[in-house]
Each structure stands twice: as structure tokens, then as C-alpha cells.
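Asker: My structure is below; once you've seen it, I'll send some questions.
The values are calculated or read from the model by the stated rules, or taken from the named source; none is laboratory data. Since we're looking at a predicted model, the values are computed, not measured. Please note: Cβ atoms are built from the backbone with ideal geometry, for glycine as well, and neighbour counts cover all protein chains shown. Keep in mind that these areas ignore ligands, DNA and RNA; they rest on the heavy atoms of the full protein, side chains included. Shrake-Rupley method; radii C 1.70, N 1.55, O 1.52, S 1.80 Å.
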Amino acid sequence: MFTPRPYIQKITLPAGGQCLVVDNALAEPERWRAMAARHAAQFAPDPLAGYPVRRLRVSGPGLMALHVFFSEHLRQPLGYRRVVDGQGWMSLATAPAAAPFRASASGPGQGIAVVSLFLFEDDGLGGMVFPSSLFAADDEVAPRVEARYNRLVAFDGSCWHAPDIPATARLSGEPSMGRLTLDARFTCRRLLQ
């Protein structure tokens, strides 16, 4: 399902965090888009997402494949030693984020890794932006990861982040045309210092 030998690019984020980028992450990304189109009516608003989005939960083999890929290639470079729990969704953005947000760790010595895989072909629907703080949302020098079809982005969720959506008029509720992403959050134990 995922490329067995990914080339991983590293981007330094504010406060020294890392963002990992993998192009051509899925061997057959069109299968995920087809699955999202078949289940389009089941996408529902998620008020806890941090930005306006409709989601469809991913579990079973799909989430397990992403978990294995994350554990084998991304977990340790992000500073984690073990995955404790994971959740996954197919997501359709319905509007840009009003402000950047962060994921909260659930316990001492833990953190949350965020993974987002772009499954849309219109680059104008945007990638990710990583401002230095809540109040730096319009910071022109904030690190950005440009959108590219089948590009996976992984980072420590404690970093400020938001979808970077310049072409809001092109957002759509249809998985075949909208800003469709495969997203996951993995609660992990941090590496021992």
C-alpha cells in the first residue's frame, strides 16, 4: 500500500521541530480517492478537528498500514519510541482554519504525531503552514509545505500548524474535487533523553 523505500525530506520548524515529507507515499492513491467517493455521504463534520472539516473514520487494515509505515519510517526521526494509540480519517476541508492549532499530549512523556497525506490534484487547495505561535498566523516567513498529489507530511502535533488553503473558492464537499486528505494522529511515547 505504501512505498517500501521512501525518500524522506526534513524541514526544520519553529522551536526546532521537524516536519517529514514523503512524495509518492502510496502505491495506488487513486484507490483511496475511489473509496472516499463511494462513501461521500458518510463524511460528517468534526468539531474537534481544529479547523472546518468533514471526516470519515478510517480503521482496520487502512489505519494499520499507515501505522506500520509511520512506525517503520517516521516515528523515530520525530522523536518517538512507541505508538500507544492511533486514530485515522479521510478529511474534506470545508473552509480555512481561523487560527493555527496544536495537538495536546495525553500523558507524561507522551506526544502526538500528526500525519496528513494529500489526495487532491489541485495544488491551489494548499498544503500546510507552521507559524511560530498562535499570533503569527499571517507570518509570511512561516515554514510551508506545498501541496502535491500523494505527498505525506508528518510532524509533532505540539507545533503550531494549519492547512494552508489559498484558493478557498475551490473547496468542495465532493471527494473527487475537494481538499481530500488521509489524516492520522498517533499518541506516542517520546524517546528517552
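Asker: Quick one: net charge of A49's neighbours, Cβ under 15 Å, K/R +1, D/E -1?
Answerer: Combined, the nearby Lys, Arg, Asp and Glu give +4.
Asker: At a 10 angstrom cut-off on C-beta neighbours, averaged per residue, how do the peptides 110-119, 63-72 rank from highest to lowest?
Answerer: 110-119, 63-72
Asker: If you don't mind, there's one more thing I want to ask. What does the accessible area per residue of the chain come to in Å², with a 1.4 Å probe and no ligands, DNA or RNA counted?
Answerer: Normalised by residue count, the accessible surface of the chain is 49 Å².
Asker: Amide H neighbours of V84 under 5 Å, at least 5 residues apart or on other chains, H built in the peptide plane: list them.
Answerer: Under 5 Å from the amide H of V84 lie the amide H atoms of T187, C188, R189, each far enough along the sequence or on another chain.
Asker: Determine, for each peptide in 34-41, 180-187, the mean count of other beta carbons within 10 angstrom over its residues, then list the peptides with the highest first.
Answerer: The packing order, highest mean first, is 180-187, 34-41.
Asker: Additional query: Got a number for carbon plus sulfur as a percent of the chain's accessible area, 1.4 Å probe?
Answerer: 52 percent
Asker: If you count, for each residue, the other Cβ atoms within 10 Å and average over each peptide, how do 156-163, 1-8, 92-99, 49-56 line up from highest to lowest?
Answerer: Order by mean packing, descending: 156-163, 49-56, 92-99, 1-8.
Asker: At 222 nm, what helix-only mean residue ellipticity would the chain give, in deg cm²/dmol to the nearest 500, using -39500 (n - 2.57) for each DSSP H run of four or more?
Answerer: -3000 deg cm²/dmol
Asker: Right, next: Simple spin-label model, 7 Å along Cα-to-Cβ: L191 to R144 in nm?
Answerer: It works out to 3.1 nm between the two label points.
Asker: Can you give the convex hull volume of the alpha carbon atoms of the chain per residue, in Å³?
Answerer: Looking at the chain, the number lands at 112 Å³ per residue.
Asker: Testing the spin-label approximation: label points 7 Å from Cα along Cα→Cβ at Q76 and S106. State their distance in nm.
Answerer: Between Q76 and S106, the label points sit 2.5 nm apart.
Asker: Which is farthest toward the positive dipole end of the chain among T181, Q76, S116, measuring Cα position about the Cα centre, with Cβ charges +1 (Lys, Arg) and -1 (Asp, Glu)?
Answerer: So the residue we want is Q76.
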